[in-house]
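Worksheet for the structure shown next.
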Amino acid sequence: MSDSVSSLFPSTATSDVDVLALLDRIHGSVSVVGSMNADYTVAAQRLPGPGETVAGGPLQILPGGKSGNQAAAAARIGANVHMFGAVGSDNNADFLLGALRDAGVDTAQVRRVSGPSGTTVIMVDAAGENAIVYSPGSNAQVTVDYIEASREALTSASVLGLCLESPMEAVTAAARMCHEAGVKVLLNNSPFTPVLSAELIEASDVLLVNEHEMVQLLGITAPENDDWSAFDWEAARQRMHEYGFEQAIVTLGGDGSMVLDSTCTRIAPVKVDAVDTTGCGDSFMGTVLAGLASGLELREAASLASYVSAYAATGYGAQASYGTAAQIRERFAATAANHSH
């Protein structure tokens with residue numbers, strides 16, 4: 001057991017407290033361009049197979065959308081977040097904007113368009129696994145013209161967060177505009193797109209993917225039996241640099257994450273009893289956005305994101321499960337004294 005700086009946030013009591021202390025440094029300015037969805041969520045003992053019907057619990061309608069989630073997570077822990085995107089002319093539009101404002105997100109730049117807002121249908125099983133169907137709705141109407149019209153507000157942030165639930169040309173335009181203005185661009189390749197344009201790669205500073213997305217994107221082979229402990233991360237890091245990303249975070253589900261920059265840094269997972277993992281990835285991304293905007297190093301931001309996303313796994317839904325800095329600190333301060341491997 002060591003708490004030296006060289007061991008990079010080991011899972012010790014000292015380290016837990018140190019990582020949680022990073023919450024005190026969150027203050028930076030974040031722009032998020034992308035999707036807001038109403039999540040129609042139902043829990044069942046298990047997910048149905050093709051052609052099968054299973055009984056589920058009560059239907060819940062919760063605020064979601066990858067980008068909305070990421071914005072809410074960043075705002076809840078203290079970042080100054082501005083949301084960019086489009087909602088429809090239905091009741092869900094007010095619901096989604098209200099939820100973001102409740103989380104502390106500035107929604108003044110969000111467009112209203114005619115037609116339905118984005119929606120997802122989510123099934124969650126007893127083990128916390130999920131299956132999701134996405135209907136873009138108003139998210140498909142995030143245009144390059146809208147991005148151009150939002151230039152001043154967009155580029156006033158320190159960091160831009162992007163995912164791929166919006167039209168690719170709008171995502172690319174936002175990345176290019178912000179990159180040229182000196183705003184750090186964090187790209188979450190999700191929903192996964194196997195081929196990214198040279199322009200988008202060039203305009204993005206940091207890539208966030210999970211392990212399965214990484215191997216597909218880079219054209220490398222996943223380890224047998226999904227055993228990532230013996231995986232050649234240095235070779236993956238070099239391949240990532242060749243692909244065009246000097247900095248990347250690869251999330252490993254319950255096994256933590258890897259930060260690939262000038263070296264490979266393993267970020268330990270934070271163990272909790274998960275009830276719903278739906279919003280974990282987005283809360284991880286939101287935390288990294290908040291951290292980078294506040295001057296944290298990439299590995300510091302990823303370490304903090306392990307705690308924030310673990311907290312999200314203990315509640316249902318996406319935004320509904322996200323904690324404030326005080327809630328996250330309280331939740332893990334209690335376990336910090338015992339949390340050593």
| Cα gyration tensor shape for the chain, rounded if a/c is under 1.5, else prolate or oblate | rounded
| task | Kindly identify the range 156-211 as rounded, prolate or oblate by the Cα gyration tensor criterion: order the square roots of the eigenvalues as a ≥ b ≥ c, call it rounded if a/c is under 1.5, otherwise compare a/b with b/c, prolate if a/b is larger, else oblate. | result | prolate
| remark: Env charge @ Ala44, Cβ radius under 13 Å, K,R +1 / D,E -1, value -3
| query | Roughly speaking, what is the stretch gain from Ala127 to Asp145, that is 0.36 nm per residue apart minus the C-alpha to C-alpha distance, in nm to one decimal? | reply | 2.2 nm
| request: Hey, can you find the accessible area per residue of the range 23-112 for me, probe 1.4 Å, expressed in square angstrom? | output: 41
| request: Normalising by the residue count of the chain, find the relative contact order in percent from Cα pairs under 8 Å and 6+ residues apart. | output: 21
| said: I'd like the distance between the alpha-carbon centres of the range 177-208 and the range 105-136, rounded to an integer number of Å. | reply: 22
| request: If a/c stays under 1.5 just call it rounded; otherwise compare a/b with b/c (prolate if a/b is bigger, oblate if not). Do that for the range 1-160, with a ≥ b ≥ c from the square roots of the Cα gyration tensor eigenvalues. | output: oblate
| request: Express in nm, to one decimal, how much length is gained between Ala181 and His27 on full extension, taking 0.36 nm for each residue of separation and deducting their alpha carbon distance. | output: 53.4 nm
| query | So, in nm, how far is label Ala230 from label Gln327 when the simple model puts each one 7 Å beyond its Cα toward the Cβ? | reply | 4.2
| said: From the protein chains alone at 1.4 Å, what is the descending order of accessible area for Arg46, Arg176, Arg25, largest first? | reply: Arg46, Arg25, Arg176
| note | The relative contact order of the range 158-209, taking Cα pairs under 8 Å that sit 6 or more residues apart, comes to a percentage of 42
| request: Give, as ranges by residue number, the residues of the range 244-271 whose backbone N falls under 11 Å from the point 7 Å along Cα→Cβ of Thr314. | output: 271
| task | Could you grab the relative contact order for the range 23-125? Cα pairs under 8 Å, six or more apart, rounded to a whole percent. | result | 38
| query | Can you pull the percent of the chain's accessible area that's carbon plus sulfur, 1.4 Å probe, other chains left in place? | reply | 50
| Which distance in nm do the two modelled labels at Gln216 and Glu297 give, with both placed 7 Å along the Cα-to-Cβ direction? | 3.2
| task | Determine the percent antiparallel among the DSSP beta bridges restricted to the chain, to the nearest 5. | result | 40
| Computed [θ] at 222 nm, helices only, for the chain once each DSSP H run of length n ≥ 4 contributes -39500 (n - 2.57) | -10500 deg cm²/dmol
| request: Sort His212, His82 by accessible area with a 1.4 Å probe, largest first. | output: His212, His82
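The values are calculated or read from the model by the stated rules, or taken from the named source; none is laboratory data. Keep in mind it's a predicted model, so treat the numbers as computed, not measured. Using ideal geometry, Cβ is built from the backbone for each residue, glycine included, and neighbour counts are taken over all protein chains shown. Heavy atoms of the whole protein, side chains included, go into the accessibility calculation; ligands, DNA and RNA do not. Shrake-Rupley method; radii C 1.70, N 1.55, O 1.52, S 1.80 Å.
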